[in-house]
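Below is one structure, written out as structure tokens, with a few remarks after it.
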Amino acid sequence: MKYAPIMGFIYLLTGSFGCLADDSRTETLQFAKGATGTSVTSGITGYQTVNYKVTARAGQWMEVKLQTSHSATYFNVFAPGTGPGDAAIFIGSTTGNHFATELPANGTYTIQVYMMRSAARRNETADYKLRVDIDGDNGSTRSSH
């Protein structure tokens, strides 16, 4: 029975992650015909997260910008085949609310908007605007920022 406290701790952890997973929604970003980007205006409260899916090719340039007045709201970017819980190719809480790079692989990328735990546990609310641009020909629409 000396393992009972460890098993209880593991159950507590998996139960906690299960609650977080329930507060997540996934949306697929669609660009209008001929457009190289789109914007989404939304909001999150507490532990809610939104996972935006966008498909792109290796060599395309992707730029993501998050505008919010809530100082504890960020986004992460995950490469194809990965997602929340895996290593991100961009971590907003350490790098900021602007991501721009040439994409390393073909597939569906995930952009996760979330609130830092300190604000989430206080059940704070954050409104935001997320802008995603992906050029169609390896860099012709790159921003000068």
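The table below gives the values:
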| item | result |
| --- | --- |
| Condition met for S69 (of a type in the set (G, A, S) and in a strand (DSSP E or B)) | no |
| Selected residue [under 17 Å from T41 (Cα atoms) and surrounded by 13 or more Cβ atoms within 10 Å (Cβ to Cβ)] from T73, T108, T82 | T73 |
| Qualifying residues in region 1-25 (those that are at pLDDT 50 or above and either exposed (fewer than 13 other Cβ atoms within 10 Å of the Cβ) or part of a helix (DSSP H, G or I) (or both)) - the one farthest from the chain's Cα centre (by Cα) | K2 |
| G59 vs. criteria surrounded by fewer than 19 Cβ atoms within 10 Å (Cβ to Cβ) and in a loop (DSSP other than H, G, I, E, B) | yes |
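The values are calculated or read from the model by the stated rules, or taken from the named source; none is laboratory data. Only a predicted model underlies this, so the values are computations on that prediction, with no experimental measurement involved. Cβ: placed from backbone, ideal geometry, glycine included. Neighbour counts: every protein chain shown.
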